[in-house]
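Peer 1: Dropping the structure in here first, questions after.
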Amino acid sequence: MPDMRTIRVTVNGKAYTREVETRVSLADFLRHELRLTGTHVGCEHGMCGACTVLVDGASTRACLMFAVQSDGCSIETVEGLAEGEKLNPLQEAFRDHHGLQCGFCTPGMLMTLTELLREQANPGEAEVREAISGNLCRCTGYQAIVHAALDAARRLANDKA
Ligand code: FES
Ligand code: FES
């Protein structure tokens, strides 16, 4: 018999109560149980950053956390960034600066940079590079991602002005 627990989580503002196997990762819970497949799974051992989500506002490798550890937490995934069809400023900047090619790393990049831009409204290039240093991208060479993040900070500042 699998070891099961009931957890209550809020994901992108919506409350869920689910019974989960204790061995299931948060990444697999989000993807298979809640069908939020925007969170990607690459290495499954904490190296690539593709699975990054925010747990109570902090960027977290969803492949390294058990779903049961998120009981009572508020989780944000890439699906929560846009408002309906309207991309948020960070997503728009990625689109405009070609910050993605295959898109596999993109959800993790976006969530990592969401955390950075909340904590640091006006980051420099070095801070952006430091923030995404745990997110691997095999396509872009990172330059376009850095440009997108810096432009997103400017767009967010303009929105507030
Ligand atoms: S899938 Fe989680 S860090 Fe690579
Ligand atoms: S866009 Fe392909 S891995 Fe980053």
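The values are calculated or read from the model by the stated rules, or taken from the named source; none is laboratory data. A quick note: this is a predicted structure, and the numbers were derived from the prediction, not measured. Ideal geometry is used to build each Cβ from the backbone, glycine not excepted, and the neighbour counts take in all protein chains shown. Calculation scope for accessible area: heavy atoms of the full protein, side chains included, ligands and nucleic acids excluded. Shrake-Rupley method; radii C 1.70, N 1.55, O 1.52, S 1.80 Å.
Peer 1: Look through the stretch 48-64, keep the residues that are more than 6 Å from ligand 1 (Cβ to nearest atom) and assigned to a loop (DSSP other than H, G, I, E, B), and return whichever of them is least open to solvent (accessible area, probe 1.4 Å).
Peer 2: Top of the filtered list is 62.
Peer 1: Does residue 45 fit the bill of being over 15 Å from the mean Cα position of the chain (by Cα), within 16 Å of ligand 1 (Cβ to nearest atom) and closer than 22 Å to residue 131 by Cα? Talk me through it step by step, then tell me what you get.
Peer 2: Working: over 15 Å from the mean Cα position of the chain (by Cα): yes; within 16 Å of ligand 1 (Cβ to nearest atom): yes; closer than 22 Å to residue 131 by Cα: yes.
The answer is yes for residue 45.
Peer 1: If you don't mind, another one. Tally time: how many residues in the stretch 118-133 are touching a residue at least 12 places away in the same chain (Cβ under 8 Å), over 18 Å from residue 51 (Cα atoms), touching a helix residue (DSSP H, G or I) at 6+ places or on another chain (Cβ under 9 Å) and in a helix (DSSP H, G or I)?
Peer 2: Final tally of qualifying residues: 3.
Peer 1: Just checking, which of 92, 115 is within 16 Å of ligand 1 (Cβ to nearest atom), of a type in the set (Asp, Glu), open to solvent by less than 50 Å² (accessible area, probe 1.4 Å) and part of a helix (DSSP H, G or I)? Spell out how you get there, then give the answer.
Peer 2: Working: 92 fails: within 16 Å of ligand 1 (Cβ to nearest atom).
Going through 92, 115 in turn, the sole match is 115.
Peer 1: Another question, then. If I ask for residues that are in a loop (DSSP other than H, G, I, E, B) and in contact (Cβ under 8 Å) with a residue 60 or more places away in the chain, which ones from the stretch 2-47 would you list? Show your work before the answer.
Peer 2: To start, the set of residues in the stretch 2-47 that are in a loop (DSSP other than H, G, I, E, B) comprises 2-3, 12-13, 22-24, 34-47.
Selection gives 12, 13, 38, 39, 40, 42, 47.
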